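The values are calculated or read from the model by the stated rules, or taken from the named source; none is laboratory data. Computed from a predicted model, the values in this text were never measured in an experiment. Note that each Cβ is placed from the backbone with ideal geometry, even for glycine, and that neighbours are counted across all protein chains shown. Quick note on the areas: whole protein, heavy atoms, side chains included, nothing else; ligands and nucleic acids left out. Shrake-Rupley method; radii C 1.70, N 1.55, O 1.52, S 1.80 Å.
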Amino acid sequence: MTLEPSLKIISGTFVDGVASDIPSNNWTAEDWAAEFDNFKAIGIDTVIIIRVAFKDSAMYKSEVMKTSLYEDPDLIEIMLREAERTGIALYIGMFDTMKYWPLNDWQNEVAINRDLIFELNQRYGKFPAFKGWYMSHEGSLHTHPNQIWKPLCQTIRSFDEERPIIVSPRYHGRKCDPSWAVPPDVHARHFDYLLNEMEGLISAFAFMDGHVDFRELESYVKATHEVFQKHGVAYWSNLETFDRDMPWKFPPIEWSKLRFKLETVQPYVEKIITFEAPHFLSPNSLFPSARKLHERYRRYIAEQPATSVR
């Protein structure tokens, strides 16, 4: 008989390797080593590179993406080596051009990412810690993501049938678009369609929780859970540890909000991940309040009762 925590903790995190809408921590390889140690200490077993490039900036010098700005040395390789050292599974994301898909030019977005997939596999396929793929283009009823997801997932499956593929769509609630909030039942019908469309291609969907009011979160989570139970696909929560309610983007979230979201999803999801620990839930963050959030979170999970498991 063993004792396990009764609470599902945050066991995965995205990492932002290039600055997009949050500032860079400007970490060295030594800083990333310390952060992977922190991941291990708080129970994180899965790290997901949310995108390998954004606009004109990339995590390495790529012959496919040809960005003007890139990390040197190769930041993906640094993370893969730290993941192997700490026993963490690393998932690798795609290239968000912010050039093609906002214009509904799905074809060019898919074309460059298809070439990228082969480049990523050639560069990193032999690293033991490379455990999965991430579809970086986020989706909701507002943006039909299957136009990008499906051909890219099919490309991956043409040579890699083992590594799981995950995505992180959103609930299209009031905080996503106040003029057009999609109610839980319509949201559920949309993903019922998407799960049929993507059958067999995506292993887990980790829904962002920050686009709905707190009092409405459980209704969205419950409706989504029912659809995913029907299809037998893994349903995760992407518990955002940044605060969408502030007048600027984005500070670490208030502790009571984190706790509320963590507790709300407990009966419904299989795994909880976050965007993202290095900036918002780390003692190493550039934000001083992230260090206090980390402290309060660790104290909270240490106080949870354990459950006997045979």
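Below are the figures for this structure:
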| item | result |
| --- | --- |
| Long-range Cα-Cα pairs in region 113-261 (distance over 25 Å), rounded percent | 35 |
| Listed residue (59, 43, 106) projecting farthest to the positive dipole end of region 28-108, Cβ model | 106 |
| Coil-residue trypsin sites (Lys or Arg not before Pro) of region 83-170, DSSP, other Cβ within 10 Å capped at 16 | 99, 126 |
| Model label zone, residue 302; criterion: amide N under 17 Å from point 7 Å along Cα-to-beta-carbon; scope region 27-56 | 38-44 |
| Computed Rg/Rh of region 186-297, alpha carbon atoms with Kirkwood Rh | 1.02 |
| Inverse mean reciprocal Cα-Cα distance (Kirkwood Rh) of region 245-310, Å | 13.3 |
| Ordering of 280-291, 249-260, 47-58, 175-186 by burial proxy (mean other Cβ atoms within 10 Å per residue, highest first) | 47-58, 280-291, 249-260, 175-186 |
| Kirkwood hydrodynamic radius of region 221-278, Cα pairs, Å | 12.5 |
| Relative contact order of region 59-167, defined on C-alpha pairs under 8 angstrom at six or more residues apart (%) | 28 |
| Mean separation of Cα contacts under 8 Å, 6 or more apart, over the residue count of region 168-310: relative contact order % | 20 |
| Alpha-carbon spread of region 27-183, three principal axes, descending order, Å | 45, 35, 33 |
| Kirkwood hydrodynamic radius over Cα pairs of the chain, then Stokes diffusion coefficient at 10 °C and 1.306 mPa s, in µm²/s | 80 |
| Hz values of 3J(HN,Hα) by residue in region 90-104 - Karplus curve (6.51, -1.76, 1.60), Gly and Pro given as x | 10, 10, 10, x, 10, 9, 8, 6, 6, 10, 8, 5, x, 9, 6 |
| Per-peptide average of other Cβ atoms within 10 Å, ordering 201-211, 101-111 highest first | 201-211, 101-111 |
| Rg and Dmax [Cα atoms of region 79-150; Å; Rg one decimal, Dmax integer] | 14.1, 42 |
| Residue (of 180, 154, 80) at the positive-pole extreme of region 43-188, dipole from beta-carbon charges | 180 |
| Debye log10 I(q)/I(0) at q = 0.12, 0.13, 0.17 Å⁻¹ for region 128-189, Cα point scatterers | -0.40, -0.46, -0.67 |
| Debye, to nearest 20: dipole size of region 137-262, +1 on Lys, Arg Cβ, -1 on Asp, Glu Cβ | 200 |
| Of all accessible heavy-atom area on region 1-135, the percent that carbon and sulfur account for (1.4 Å) | 49 |
| Accessible area, probe 1.4 Å, largest first, for residues 82, 162 | 162, 82 |
| Descending semi-axes in Å of region 23-70, equivalent ellipsoid built from Cα gyration tensor | 26, 12, 9 |
| Size of electric dipole in the chain: Cβ of Lys, Arg +1 and of Asp, Glu -1, about Cα centre, debye, nearest 20 | 480 |
| Reciprocal mean inverse distance between Cα atoms of region 1-113 - Kirkwood radius, Å | 15.5 |
| Rough spin-label spacing in nm, given labels placed 7 Å along Cα→Cβ, for residue 154 and residue 31 | 4.2 |
| Taking the chain and dividing mean pair separation by its residue count, relative contact order in percent (alpha carbons under 8 Å, at least six apart) | 20 |
| Residue-averaged [θ]222 nm for the chain, counting only DSSP H segments that reach four residues, each worth -39500 (n - 2.57) | -11500 deg cm²/dmol |
| Of the GluC sites (Glu not before Pro) in region 22-71, those whose Cβ has at most 12 other Cβ within 10 Å and which sit in DSSP loop | 63 |
| Charge dipole magnitude, Cβ of K and R +1, D and E -1 - region 1-94, Cα centre, debye nearest 20 | 260 |
